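A quick write-up on the structure given underneath.
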Amino acid sequence: MTGVETRSVSRDSLFLLANVRVEQKGEQARVRVRNLSDGGMMGEGVVQISRGNRVEVELRNIGTVMGTVAWVQDQRFGVAFDEEINSNAARAPSGSSEQHTQFSGHVSHAHRPPPPPANSGKLRKI
């Protein structure tokens, strides 16, 4: 990777534990959450997971979040959440007053291309 930051969504490095369950499989794995944003997370741990798998992630103060595995590299993987969460709630101590707003109610667009420009008819061809 280069030193240029190309992400459109801010994320913080942190160390949390979460439970991950791959749909269609019964077992749950305990993983470390290395990065967390409102739209997704990077996890690390020994879990049988592949790109495109649907997963359930149980996060502290948030509950169960559904998502899709976006990438896998060694024991690390990225998950794009179906709906945005309040990632600050997961950072708060257990039982904190911040946990009352777990979902922001918005569909996550963190891992989708931006919409086309509003005035696309005024673009000139080169």
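A short reminder: the numbers here are calculations on the coordinates, not readings from a lab. Values in this document were obtained by computation on a predicted structure and should not be read as measured data. Reconstructed Cβ throughout: ideal geometry from the backbone, glycine too, with neighbour counts over all protein chains shown.
Global size of region 12-93: 11.2, 32 Å for Rg and Dmax (C-alpha atoms, Rg to one decimal, Dmax whole). For the pair E83 and E56, label points projected 7 Å from Cα toward Cβ lie 1.5 nm apart.
Here each label is just a point 7 Å from Cα along the line to Cβ, and for D74 and F15 those points are 1.7 nm apart.
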